[in-house]
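Data first, discussion second: the structure below is written as structure tokens.
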Amino acid sequence: MADRGLCTREEIPAEAKWAIEDLYKNDDEWEADFTRLKEHLPELSAYEGRLGESAQTLLSMQRLCDKMNMLAEKVYVYANQRYHDDTGNSFYQGLAGKALALSLLLDSAVVFEEPELLAIGEDTIELWFSQNPDMELYRRYFYELFRQKEHVLSKEEE
């Protein structure tokens, strides 16, 4: 078999390519979500020191985290898939870098969460499950957190 070399993206049939337009139709749509996500980061940080207020406060924070994480994943995947289309394309290399930096900012916006949940305690969280059935969606997350509590660092150590 003769070595044909690498194909360019343009030479690959459409059905063999990622359907990247399912995430964003264009880079402007990506940029809008990137900006929206960045602007909403302070909303997560605003929960610091408040998770023990009530089941509803904790649930609100978890829902916001879910929403922002799903958007961050979409932003990250688009940027990286576009970059991997052609790793020599400096524009998409830049987008991938921006997406990674934003993911790190998102992680640091919630660095307080696990230590704060551990301080609230398993008994209180269990009580909140009985008071608010909507929290049931997060039972596995809390179970795993308390199961591995000796491995969770403090906020400062994180």
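The values are calculated or read from the model by the stated rules, or taken from the named source; none is laboratory data. Since the model is a prediction, treat every value here as computed from it, not as a measurement. Note that each Cβ is placed from the backbone with ideal geometry, even for glycine, and that neighbours are counted across all protein chains shown. Quick note on the areas: whole protein, heavy atoms, side chains included, nothing else; ligands and nucleic acids left out. Shrake-Rupley method; radii C 1.70, N 1.55, O 1.52, S 1.80 Å.
Under the Karplus relation 6.51 cos²θ - 1.76 cosθ + 1.60, θ = phi - 60°, what is the ordered set of whole-Hz ³J(HN,Hα) values for region 122-131, x standing for Gly and Pro?
Coupling constants for region 122-131: 5, 5, 5, 4, 4, 4, 5, 4, 6, 7 Hz.
Order these peptides, 108-119, 139-150, by their mean beta-carbon neighbour count within 10 angstrom, highest first. Write down the numbers at each step before the final one.
Details: 108-119: 17.6, 139-150: 12.2.
Answer by packing, highest mean first, reads 108-119, 139-150.
Over the chain, with the other protein chains present, what is the accessible area per residue in square angstrom, probe 1.4 angstrom?
64
Which trypsin sites (Lys or Arg not before Pro) in region 1-110 sit in a loop by DSSP (not H, G, I, E or B) and have at most 10 other Cβ atoms within 10 Å of their own Cβ?
ARG4, LYS25
At most 15 other Cβ atoms within 10 Å and a DSSP loop assignment: could you name the chymotrypsin sites (Phe, Trp or Tyr not before Pro) in region 1-96 that fit?
TRP18
Using helices alone, what [θ] at 222 nm do you get for the chain, with -39,500 (n - 2.57) per DSSP H run of 4 or more residues, divided over all residues and rounded to the nearest 500?
-20500 deg cm²/dmol
Please enumerate, by chain and number, the aspartates and glutamates with C-alpha under 13 Å from the C-alpha of LYS17, excluding those fewer than 8 residues away in the same chain.
The qualifying aspartates and glutamates are ASP85, ASP86.
Between region 98-154 and region 1-72, what's the alpha-carbon centroid distance in Å?
If we compute the Cα centre of each part, the gap is 21 Å.
Taking the Cα centre as origin and putting +1 on Lys and Arg beta-carbons and -1 on Asp and Glu beta-carbons, what dipole magnitude results for the chain, to the nearest 20 debye?
Taking the Cα centre of the chain as origin, the dipole is about 160 debye.
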